[in-house]
Amino acid sequence: MREYLLQLLEGSGELTVETILIRMAVSAVVAAFIFLSYRLSHAGSIYSRKFNVSLAALTMITTTVMIVIGNNIALSLGMVGALSIVRFRTAIKDSRDTIYIFWAIVVGICCGSGDYLVAGIGSAFIFLALLLFGRIRSDNRALLVIRCARVDEQKIEALIFQHYDRKAILRSKNTTSESAEFIYEISGKYLKTAEKSGAKSITDLVYEIGSVEYFNIVMQSDDISG
């Protein structure tokens, strides 16, 4: 019994060079699919080539780690302890990036342990799902920042209310004894619709009031750099 436990801790069986090459080759092929999927789903300014290359490298690195660990319990526990002291502080700009990171790690684990069928079928389904839904973008939002004389604050409120047909939401209103500042939030879709209606632009209408110090339109997006 003691010899069995020692053998289990030390790992049983030796990997051949052929087995290692096959596992790394399959990992590289699936990593190429991950690279392609990320490139297709992140087309545009949000695409980061460096992050995409890192995903492919992460897949093969995880495969290498799994090949080293194998079924050696003692080595796996030591690896877990070593990785537990590493802290990753890279900011995730897009929630979809988390999916790709987990995908790369799972594929590396599957290829490193020789479960090619799981890696292939799972990656095929994930690839199709991200290809269909990965290009969905959140609607851009705009912030309207207006500073005017306090005596005209009701005129500003009435103008924004009518021009955007109640679609603009007042997020903040700061006032002093002489001035008032408004911050409205509106969907980018409604912002463009109002500007294409053929009437005067909101900028002209605001400044026609006469006591406006400044009027800023700030575009926002749920996707950074999107």
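A few comments on the model shown:
- In the stretch 97-114, residue nearest to the chain's Cα centre (by Cα) [restricted to those that are under 13 Å from Thr62 (Cβ atoms) and surrounded by fewer than 21 Cβ atoms within 10 Å (Cβ to Cβ)]: Ile101
- Options Ser54, Ser76: the member that is outside the structural domain of Thr203 (by TED's automatic domain parsing), part of a helix (DSSP H, G or I), modelled with pLDDT of 85 or more and among the polar types (S, T, N, Q): Ser54
The values are calculated or read from the model by the stated rules, or taken from the named source; none is laboratory data. Because the structure is a prediction, the values reported are computed rather than measured. Cβ coordinates were reconstructed from backbone atoms using ideal geometry, including for glycine residues, and neighbour counts include every protein chain displayed.
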